[in-house]
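The values are calculated or read from the model by the stated rules, or taken from the named source; none is laboratory data. The structure presented is a predicted model; accordingly, all values stated were derived computationally and were not measured. Neighbour counts run over all protein chains shown; Cβ positions are idealised from the backbone, glycine included.
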């Protein structure tokens, strides 16, 4: 039998997945694999990724003319991936042809960030945190 929590108990959640839609799931999955080291997992009807320990589902978008929203906008703005040695990572990605929308910079003591453009105009933040500022 399922045990119920008290009515005012705090809600406990954990992340399960991020869901992306694209006109070309295979190409999108390959980009995340080649550029960011994602593990590609083929599932019935979709392609899944494991990226930084997070599940990312990729589904084909229905036919139509879709454009990404212009920044800033309401809704999901970007997702962030923590890296070590952001300048080295950024240089390696640039060498692979990745487009950066913001070059690496120090946003506050102990934290450097940059933004790159993923498939379908998805904004991806890379960040490096010094452990003494966590």
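Evaluation of residue 76 against the conditions (1) in contact with a strand residue (DSSP E or B) (Cβ under 7 Å, 6 or more places away or on another chain); (2) within 15 Å of residue 19 (Cα to Cα); (3) surrounded by fewer than 17 Cβ atoms within 10 Å (Cβ to Cβ) shows that the sole unmet condition is (1). Condition test on residue 86, is it free of Cβ contacts under 8 Å to residues at least 60 places away in the same chain and in the same structural domain as residue 124 (by TED's automatic domain parsing)? Against the criterion (free of Cβ contacts under 8 Å to residues at least 60 places away in the same chain and in the same structural domain as residue 124 (by TED's automatic domain parsing)), residue 86 qualifies.
Residue 105 meets the conditions (1) surrounded by fewer than 16 Cβ atoms within 10 Å (Cβ to Cβ); (2) outside any strand (DSSP E or B) in every case but one. The failed one is (2). Against the list (1) modelled with pLDDT of 85 or more; (2) outside any strand (DSSP E or B); (3) under 24 Å from residue 114 (Cβ atoms), the condition residue 26 fails is (3). In the stretch 55-69 there is no residue matching the filter, namely being over 16 Å from residue 113 (Cβ atoms), assigned to a helix (DSSP H, G or I) and either at pLDDT 90 or above or in contact with a strand residue (DSSP E or B) (Cβ under 8 Å, 6 or more places away or on another chain) (or both).
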